[in-house]
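Here the structure is laid out as structure tokens; the discussion comes afterwards.
The values are calculated or read from the model by the stated rules, or taken from the named source; none is laboratory data. All values reported here derive from a predicted model rather than from experimental measurement. Neighbour counts are summed over all protein chains in view; Cβ atoms, including those assigned to glycine, are modelled from backbone coordinates with ideal geometry. For the accessible areas, the whole protein counts, side chains as well, though only heavy atoms, and no ligand, DNA or RNA atoms are used. Shrake-Rupley method; radii C 1.70, N 1.55, O 1.52, S 1.80 Å.
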Amino acid sequence: MTNHLSYYVRFKAYQDYILGDCKTCEIYSFIADYLEEMLEPEGWQAIWVAEGSSLLIDVCGLSENSLEVYGRPSVPHLYSASAEPPARMAMLLEQGKAYIPIQQLWVVYDERGRFERASLALEHIRFFSNNIWRDWDIEDDDDYDYFVRSAGPRLRLHYDILEGRLPSGLVSEYSRLLKECRDKYSQFVALKRKLQDAESNDGVEEMEDPEPDPVSMVEGVHLDNEIKALKQKLKILEDPMLRYVLGYQTSSGQAVVCAKGPREDRETLTHIVSEDPINVHTMTALLEMLHQRGHDWSLLFHRDVHSALDACYEGDTVLLCPGRYVEDASLSIAESIQFEGFGLPDDVVIEKSGRGDIFVQCSADAIYMSNIKFVQHDTVEGILVVLRGQTVLHNCVLHCETTGVTVRTNAHLRMENCDLYGAKCSGLELYPGSACDLAGNNIHHCKEGILIKDFMASMYDMPKLNMTNNRLHSNELYGVTLVKPQHLEAKLEPGNQEMVEQKPNEVEGLHNSAMENSNDVGRATHEEYIILETEKAITAEILSASHLKHKENVVQEKHNDASCEAIVEEQDAGKLPEDMFIFLSGNSFRRNGKGAFGIFYY
């Protein structure tokens with residue numbers, strides 16, 4: 001068994017020794033050459049395992065351009081079966097010879113270690129067959145490097161799943177799509193074989209111009225279209241960069257807690273959370289604060305955050321006393337509540353311990369959080385995810401480790417005076433159809449400050465972003481990154497020619513660049529993304545992609561040239577898309593690795 005092998009060992013084996021730079025049509029010949037070099041020429045013994053049956057065989061040699069060996073039963077026969085033996089095994093037992101799939105062979109242990117190389121080679125091929133190779137790959141008759149295009153990304157995905165770096169919901173979705181694609185492809189192959197057999201039979205009967213079955217033809221076209229759609233979805237999930245920049249419209253795998261609504265008597269409670277006994281001074285301050293707010297509610301005390309959230313109904317308030325609350329499981333907020341820390345954020349800390357998909361999950365119509373510091377450890381999907389409804393974060397600190405805050409489709413986030421830092425991915429991630437208001441925040445030391453995903457234009461509007469007096473600094477890439485399809489077309493209304501004439505050379509240059517790179521789709525992963533790093537390219541893209549709804553907008557923009565240039569000089573942002581940025585004022589972009597604004601094309 002080679003389950004202990006690391007990603008880097010397998011990567012090197014497939015890249016340097018097994019696949020190399022082979023094309024898809026050369027897979028079998030490359031593997032045959034590898035096995036011929038690794039397997040013992042004088043023959044060796046293996047156990048053939050198939051469908052609950054096993055048989056000891058003597059391997060005589062390899063078949064050409066196929067993952068099969070030629071073998072015969074060992075003498076004496078060692079055979080075991082829990083059911084009827086499969087057809088090939090029955091033929092081998094009856095006729096004494098057969099070709100056997102190499103993935104079903106297990107090399108017999110030899111004390112002298114003669115067959116260790118053979119055993120390792122078979123394990124690599126078995127792993128390749130089970131986890132990397134797809135039956136439909138053989139139909140790709142292009143000239144692309146198979147390892148770069150397919151094997152490498154799928155190997156990375158396998159280890160990301162194995163090592164728990166992906167949300168469980170995404171893993172389940174990938175497994176479902178893969179199974180569905182395999183089933184559809186099996187149906188398609190069977191239907192194709194049926195049509196070919198019917199055509200050959202018609203030829204034997206010497207019929208003139210035999211008519212294919214129209215129902216089967218329509219079914220075949222329908223299956224082919226379904227398979228293409230499934231393959232495209234699988235490609236998005238298999239490619240590390242596409243998986244990151246696009247994300248995927250799937251739940252985290254954690255069941256969304258259903259809201260309980262208001263209590264039957266319409267009473268609201270204040271939940272006081274403290275791990276330690278509350279002293280008189282703290283209790284007096286709490287009661288005074290509640291009295292100043294006009295609260296005349298019943299109080300309920302808890303020792304941990306989970307029990308307080310589980311006991312909440314709509315309209316309740318949760319107050320956290322100063323302390324450090326370590327939570328193993330994720331926090332799910334399904335009620336419209338106020339979730340506040342009593343004191344400064346550094347005094348009220350909620351820390352994630354143990355692995356999981358999400359740290360804090362918000363799915364209520366209206367949630368208000370303030371004066372809390374969240375410290376993330378070992379979560380896969382992010383420190384806070386707004387699934388739906390509106391969530392307000394005020395004066396909070398978010399110490400991230402993977403992704404920061406995620407705003408899903410149709411959800412709304414408002415962040416005020418918050419400090420977000422440390423994300424190895426994006427600090428703030430906006431999905432299509434979401435909305436985000438940012439005021440007075442500090443987003444820094446992340447891979448990207450804000451990642452805006454615009455890839456479902458046919459279903460959702462572009463994310464809406466309102467930014468006022470924020471500081472985005474010291475991020476590895478851009479302060480704000482926009483992700484969108486590579487094939488852009490200028491969506492200018494007739495009569496808006498004045499806009500095109502402003503910078504014709506830049507728009508033309510962008511169009512030519514996009515056309516030149518459109519032929520490179522499908523090559524190595526890093527070539528699928530065109531990063532436009534210069535201010536001119538960013539400006540040209542925005543000019544070509546902005547939706548100009550009224551001609552007077554163009555006229556007004558001409559009158560405001562001076563103010564626009566001031567924004568470019570201060571923020572390094574170029575002209576901003578009208579359909580994405582609702583309002584932008586007083587923001588600061590400093591020391592970001594590649595600048596303030598960037599665009600990823602896929």
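Worth pointing out:
- Residue in segment 255-265 that is open to solvent by 40 Å² or more (accessible area, probe 1.4 Å), closer than 16 Å to Val348 by Cβ and either modelled with pLDDT of 85 or more or part of a loop (DSSP other than H, G, I, E, B) (or both) present: no
- Selection count, segment 157-180, where residues are more than 13 Å from the chain's Cα centre (by Cα) and without any contact (Cβ under 8 Å) to a residue 24 or more places away in the chain: 5
- Screening Ile358, Ile337 for residues that are free of Cβ contacts under 8 Å to residues at least 60 places away in the same chain and not aromatic (Phe, Trp, Tyr) leaves exactly one candidate, Ile337.
- Filter result for Leu290 (open to solvent by less than 20 Å² (accessible area, probe 1.4 Å) and more than 26 Å from Ala411 (Cα to Cα)): yes
- Residue count, segment 266-283 (criterion: in a helix (DSSP H, G or I) and open to solvent by 100 Å² or more (accessible area, probe 1.4 Å)): 2
- Where strands (runs of 3 or more DSSP E) fall entirely within segment 19-114, those with at least 1 residues that are at pLDDT 75 or above and open to solvent by 30 Å² or more (accessible area, probe 1.4 Å) are at 44-50, 53-62, 68-73, 98-101, 105-107.
- Val349 vs. criteria farther than 15 Å from Leu300 by Cβ, in a strand (DSSP E or B), open to solvent by less than 20 Å² (accessible area, probe 1.4 Å) and in contact with a Phe, Trp or Tyr (Cβ under 9 Å, 6 or more places away or on another chain): yes
- The sole residue among Asp160, Asp183 that is in a helix (DSSP H, G or I) and either at pLDDT 90 or above or of a type in the set (Ser, Thr, Tyr) (or both) is Asp183.
- Exactly one residue out of Leu465, Leu438, Leu420, Leu384 is over 22 Å from Glu335 (Cβ atoms), touching a Phe, Trp or Tyr at 6+ places or on another chain (Cβ under 7 Å) and either outside any strand (DSSP E or B) or touching a residue at least 12 places away in the same chain (Cβ under 8 Å) (or both), and it is Leu465.
- Subset tally (residues that are surrounded by 15 or more Cβ atoms within 10 Å (Cβ to Cβ) and either more than 30 Å from Lys235 (Cβ to Cβ) or not charged (D, E, K, R) (or both)) for segment 132-143: 3
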